[in-house]
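The values are calculated or read from the model by the stated rules, or taken from the named source; none is laboratory data. Here the structure is a predicted model, which means the values were calculated and not measured. Neighbour counts are summed over all protein chains in view; Cβ atoms, including those assigned to glycine, are modelled from backbone coordinates with ideal geometry.
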Ligand code: 5GP
């Protein structure tokens, strides 16, 4: 009997905040054999966020220490705070054949793309979620109600810059309803899971 063993995939998703990325990620988190990659950040937790679940919330000093020790695959500053993806847990998941979902910004994905390590080059699938318009993005951000007017203005400015980078990504999803976005995302996941280069034939 033939069967395939498959190496893990890094699904790295970028989207301006408010583009619907967290809803998509929240849905995908519930899918079995799919692991959400927990980043480190110096940003304080928002209401309802849990340490070790949404992020590893670190002090600036601890973040610096880990960055200095080379513990991050990539790290970036975003809106005054620092964010980073841990190398060891990422490698472990990929070697174990577990697919990871990384919710990281444009500069973080650019760093991953530039890494020479064959295991990352093979595993990386980058996806950009494009908001329909800046006005819609603003509406979604206001509806979320977690940021002040000033923070919303900053995030919209970052969004304008991030949206220029969509062509650098292997896939782009133009955001519609949450269900449409999820369907498109699932289609990408399914196809990537069948790529021959990720499979090893076992048994016979
Ligand atoms: P938030 O503060 O809204 O949770 O995240 C702000 C931004 O930081 C989002 O665009 C998110 O994708 C990004 N981000 C979260 N974790 C990481 C990470 O580990 N690395 C990088 N480069 N960006 C991250």
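Mind listing whichever residues of region 8-24 are near the ligand (Cβ under 10 Å from one of its atoms) and surrounded by fewer than 18 Cβ atoms within 10 Å (Cβ to Cβ)? The answer is 22, and nothing else. Test residue 170 against the stated conditions and say whether it is exposed (fewer than 14 other Cβ atoms within 10 Å of the Cβ) and either closer than 18 Å to residue 104 by Cβ or in contact with a helix residue (DSSP H, G or I) (Cβ under 8 Å, 6 or more places away or on another chain) (or both). It is true that residue 170 is exposed (fewer than 14 other Cβ atoms within 10 Å of the Cβ) and either closer than 18 Å to residue 104 by Cβ or in contact with a helix residue (DSSP H, G or I) (Cβ under 8 Å, 6 or more places away or on another chain) (or both). Identification of strands (runs of 3 or more DSSP E) wholly contained in region 60-159 with 3 or more residues that are near the ligand (Cβ under 9 Å from one of its atoms), modelled with pLDDT of 95 or more and surrounded by 15 or more Cβ atoms within 10 Å (Cβ to Cβ) yields 72-78, 81-86.
In this entry, residue 35 is excluded by the filter for residues that are out of contact with any strand residue (DSSP E or B) (no Cβ under 7 Å at 6 or more places or on another chain), closer than 25 Å to residue 189 by Cβ and more than 9 Å from the ligand (Cβ to nearest atom).
The lone criterion from (1) part of a strand (DSSP E or B); (2) within 9 Å of the ligand (Cβ to nearest atom); (3) out of contact with any helix residue (DSSP H, G or I) (no Cβ under 7 Å at 6 or more places or on another chain) left unmet by residue 49 is number (1). Of the residues 100, 124, 115, 137, the single one that is closer than 19 Å to residue 19 by Cα and in contact with a helix residue (DSSP H, G or I) (Cβ under 9 Å, 6 or more places away or on another chain) is 137.
With respect to residue 28, is the statement that it is more than 12 Å from the ligand (Cβ to nearest atom) and buried (at least 16 other Cβ atoms within 10 Å of the Cβ) true? Please lay out each step first, then the result.
On the way: more than 12 Å from the ligand (Cβ to nearest atom): yes; buried (at least 16 other Cβ atoms within 10 Å of the Cβ): yes.
Yes, satisfied.
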